[in-house]
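A short worksheet on the structure shown next.
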2 protein chains.
Amino acid sequence: MPKPHQERTIFTGYLGARSLKTTRERLAILDEVFGHDGHFGADELYVKMLRKKIPVSRATVYRTLEHLVESGLVQKVYLSDHNQRKALYERAHGRHHHEHMHCLSCGEILEFSDDPLEERQAAVCRRLGFKPLRHSLRIEGICASCQAKS
Amino acid sequence: MPKPHQERTIFTGYLGARSLKTTRERLAILDEVFGHDGHFGADELYVKMLRKKIPVSRATVYRTLEHLVESGLVQKVYLSDHNQRKALYERAHGRHHHEHMHCLSCGEILEFSDDPLEERQAAVCRRLGFKPLRHSLRIEGICASCQAKS
DNA sequence: ATTAATGCAAATTGTTTGCACGGTC
DNA sequence: GACCGTGCAAACAATTTGCATTAAT
């Protein structure tokens, strides 16, 4: 029985505000998501919970992840190089905005952020009269440690 | 019978270099791709050719697009907002690198490029020792004309 | 009691693949 | 003639959905 955390309060608030129900399953998924860091796929999360014998269906995992994204607690990202068809999720609450670097050699996903870069993007948007709401930058290449190896 | 263009020379060269065959179907797909601008999905391309009564199968369209990407003539991008599962393609040969803005209101995809932005990305990579090979930036928001409407 | 959520399995979507036949080098 | 490519339909992977049942308010 995981102890209540801040995210749980936010999520129950989100649910209540829309007359959605705070179910055992939804809370279990929330706990699972906020119990670990890093990127994960919906199916991986489902399998992980299966193994832990936490009773939940694949459909509910998918449906709940949507709500978590909608509530702003979780972010959906598309990172994988070749199999771009699989969505990944990452915790968003309590974290600052960041971009991703993807090492094509080891597969590692690195996160970084850079204010001047953000500002330059904003400047371009101003120049074109485009109102930015969100953005994602993905840089693919070879990470430092893989370069060292070869 | 479309007249030979530069891309055709490049493509046949690419094929020959790998002992792949220059088939009627591959050339027809190449011509179709370079006969128009903008972004398109593999299936759309297939349907367009069907309507024009150009005999080609869906499988061949997919397989040929792979080769076009491999040859550098075409670029595969993931742009659609919600249905990120669908890949789009765009002409790459003879065009400069660019990023995309996606208007969430009208769906329009705008292209732009900005050297200082590119340079700033390069600088971040240098700082982290990451060797960039390619990148993609997608900014979602509301385009100028949609803002004017509301 | 009312209304929403779950689980299951079937349906969808975009894409890939195995295999017999046909075309290119 | 050797080998590669094509077309078809079946296979796939990730995700979504319809519906009868169960649970939260």
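Listing for the model above:
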| item | result |
| --- | --- |
| Principal semi-axes in Å for region B:96-150 [√(5λ), Cα gyration tensor, largest first] | 29, 10, 9 |
| Percent breakdown of C-alpha pair distances by 10 Å bin, ordered from the shortest bin, for region B:34-91 | 23, 55, 22, 0 |
| Centroid-to-centroid separation of region A:123-141 and region B:18-61 [C-alpha atoms, Å] | 32 |
| Of the trypsin sites (Lys or Arg not before Pro) in region B:7-99, those whose Cβ has at most 13 other Cβ within 10 Å and which sit in DSSP loop | B:ARG18, B:LYS21, B:LYS52, B:LYS53, B:ARG85, B:ARG95 |
| Chymotrypsin sites (Phe, Trp or Tyr not before Pro) within region B:31-124: DSSP coil, no more than 12 neighbouring Cβ in 10 Å | none |
| Value of relative contact order over chain A, rounded to a whole percent, pairs C-alpha under 8 Å and six or more apart | 17 |
| Hull-based mean projected area of chain B, where the convex hull spans the alpha carbons, in square nanometres | 11.9 |
| Candidate lysines - alpha carbon under 26 Å from B:LYS48, same-chain residues fewer than 8 apart omitted | B:LYS3, B:LYS21, B:LYS76, B:LYS86 |
| Residue order, fewest to most beta carbons within 10 Å, for A:GLU32, B:GLU119, A:GLU118 | B:GLU119, A:GLU118, A:GLU32 |
| Relative contact order of region A:96-150, defined on C-alpha pairs under 8 angstrom at six or more residues apart (%) | 46 |
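Here, each number is a calculation from the coordinates, and none is a lab measurement. Not measured: the values here are computed from a predicted model. Heads up, the Cβs are rebuilt from the backbone with ideal geometry, glycines too, and the neighbour counts pull from every protein chain shown.
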